[in-house]
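Read the structure below first, then the notes.
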Amino acid sequence: MSGRRRHSDLIVVGAGPAGLSAAIFASGNGLKVTVIDEYPEPGGRMLGQFHEERGRWWVGRRVAEQLIETCGKQGVSIRCGVAAYGLLREDGLWEVATSEGRLTAPRVLLATGAAEAPVPADGWTLPGVMSIGAAQVLANVQYVKPGRRGLVVGVNALGMAIARELSVGGVSLAGIVLPPAGPFAGPSAQPGECLRVLLGLSHLAPSPLFRLGGKMARSFGMAGIVSRLMPRKGIRIWNIPLMLRTAVIAINGTERVESATLADVDGAGRPIAGSERELPVDFVALAGGLYPLAELAAVAGCPFVYTPELGGHLPFHSERMQTPVEGLFVAGNITGVESALVAMAQGRLAGAAISAEAGAYGRDGERHVAEAVEEVRRARAEAPIQFRPGIPEARENIYRLWQSAYREERDDGNEKDADELVVQERIR
């Protein structure tokens, strides 16, 4: 790589809310920024998102359009349809291998987002079975209904949010049910555990009574009791039958989905013999949740930490979005699954930290970074959708681990290899 021309000051991988926000912040401070994304158009998951927030509708496509427009005005180069598959640092520069050649820059921000982890069920390879995110893209991005009547499998923040979007968009949903019990589903097949997830979303409920009931149940730890008292036919939420005591057993059809076999379940999610029945549907959306899409961080040599509250294994990073690998930063759902509003704030923070490291602020860099850190904390506290309980505490644990690891380095006066084994040892 020696002697090659430096194409940019910063390469951002991912043109979603975090990547675009970081590009705006860094380019506004004079850095030359290139953003790449394998999707045909920028915006990421925001393109299909909308939800009601404090009496107003938040429409992700509009927010994405504003970010893209600002990037254009500031000279950010956005290259879509470009996949990144390799990262190598040499002679103080990162070389990013892409489907359209190689890019170089002293700093790289990974804002690759998250991927879905649908729970399998018997018959899930039939045409008409899709992830809940695929149904969202069909309906809200491509404006094509995924089918005439569908079933959502999985009770979690992602599934509930998109089920409401589909319903508002005129897609008929026959119900929301639990996945089949087994090693892939784990606690997500248990009615009590699913109700605990819903109680964390009760502030988004469609009526004051639901919101009050959710608050009371959370306060008194009554999730298990309430789940046993739920009617087996379920309750209607956003005019969709929510069946917390029912699971899908099989998805049926010859050439495509024609129906789903449902059964009542006990408290552990096990089917109750004799309760099976068939529900006519022509599509099934599997909602298994999200996990950080972090393969490129692994390729770059970044250590990982396992944090279930944030979706699983994620790159070890500081509160400034910095990783232990020189010149490598992360932001958005690659650092843990949260809302688009938090991802945007993290992107701005990463942009501020990168700008400070590049000397764009002069002696005032720390103040700008500290302000951006506080903005992320506010965004997290005010986020209307919390994907899992315990996110703030999990974040603080990661940041304490970072401070502990690098305080020891400073005290010793030696540079340590922050490999995954060292990090995992400290987590234990």
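The values are calculated or read from the model by the stated rules, or taken from the named source; none is laboratory data. Here the structure is a predicted model, which is why all the values come from computation and not from measurement. Ideal geometry is used to build each Cβ from the backbone, glycine not excepted, and the neighbour counts take in all protein chains shown. Accessible surface is based on the protein model in full, side chains and every heavy atom, while ligands, DNA and RNA are left aside. Shrake-Rupley method; radii C 1.70, N 1.55, O 1.52, S 1.80 Å.
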Handout entry: Subset of the range 183-199 (residues that are open to solvent by 30 Å² or more (accessible area, probe 1.4 Å), over 21 Å from ILE385 (Cβ atoms) and either in contact (Cβ under 8 Å) with a residue 40 or more places away in the chain or in a strand (DSSP E or B) (or both))
Key = PHE184, GLN190
Practice task
Say whether the condition of being at pLDDT 95 or above, under 25 Å from SER355 (Cβ atoms), out of contact with any strand residue (DSSP E or B) (no Cβ under 7 Å at 6 or more places or on another chain) and assigned to a loop (DSSP other than H, G, I, E, B) is met by at least one residue in the range 304-317.
Solution key: no
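To keep it simple, each residue is scored yes or no on (1) under 21 Å from TRP58 (Cβ atoms); (2) of a type in the set (D, E, K, R).
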position	(1), (2)
GLU319	no, yes
GLY327	no, no
ASN333	yes, no
GLY336	yes, no
GLY347	yes, no
GLY351	no, no
ALA358	no, no
GLU371	no, yes
ARG380	yes, yes
Completion exercise
Output for Cβ contacts, cut-off 9 Å, separation at least six or different chains, first residue at positive phi in the range 9-36, second in a helix (DSSP H, G or I), reads GLY14/LEU20; GLY14/GLY44; GLY14/GLY332; GLY14/ILE334; GLY30/SER355
Exercise for the section: Quickly run through the range 326-369 and pick out the residues that are outside any helix (DSSP H, G or I) and either within 17 Å of ALA297 (Cα to Cα) or open to solvent by less than 20 Å² (accessible area, probe 1.4 Å) (or both). Expected result: GLU326, GLY327, LEU328, PHE329, VAL330, ALA331, GLY336, VAL337, GLU338, SER339
Completion exercise
In the range 303-325, residues that are open to solvent by 10 Å² or more (accessible area, probe 1.4 Å) and within 20 Å of TYR85 (Cβ to Cβ) total 3
Problem - Options GLU41, GLU52, GLU90; residue that is of a type in the set (D, E, K, R) and surrounded by 14 or more Cβ atoms within 10 Å (Cβ to Cβ) - result: GLU41
Completion exercise
Reported set for the range 384-405 where residues are open to solvent by 90 Å² or more (accessible area, probe 1.4 Å), in contact with a helix residue (DSSP H, G or I) (Cβ under 9 Å, 6 or more places away or on another chain) and assigned to a helix (DSSP H, G or I) is GLU393
Completion exercise
Within the range 267-282, residues open to solvent by 50 Å² or more (accessible area, probe 1.4 Å) and out of contact with any Gly (no Cβ under 9 Å at 6 or more places or on another chain) come out as ARG270, PRO271, ILE272, ALA273, GLY274, GLU276, ARG277, GLU278, PRO280
Completion exercise
Of ALA372, ALA381, the only residue that is at pLDDT below 90, among the small types (Gly, Ala, Ser) and part of a helix (DSSP H, G or I) is ALA381
Practice task
Count, please, the residues in the range 115-135 that happen to be among the aliphatic types (A, V, I, L, M) and either surrounded by fewer than 20 Cβ atoms within 10 Å (Cβ to Cβ) or in contact with a Phe, Trp or Tyr (Cβ under 6 Å, 6 or more places away or on another chain) (or both).
Solution key: 5
Completion exercise
Taking the range 163-182 and keeping only residues that are more than 19 Å from GLU52 (Cα to Cα) and either β-branched (Val, Ile, Thr) or open to solvent by less than 10 Å² (accessible area, probe 1.4 Å) (or both), one is left with GLY175, ILE176, VAL177, LEU178, PRO179
Exercise for the section: Would you mind stating whether LEU20 is at pLDDT 95 or above, closer than 16 Å to GLY351 by Cβ, in a helix (DSSP H, G or I) and of a type in the set (A, V, I, L, M)? Expected result: yes
Problem - VAL144, sole failed condition from (1) assigned to a loop (DSSP other than H, G, I, E, B); (2) touching a Phe, Trp or Tyr at 6+ places or on another chain (Cβ under 7 Å) - result: (2)
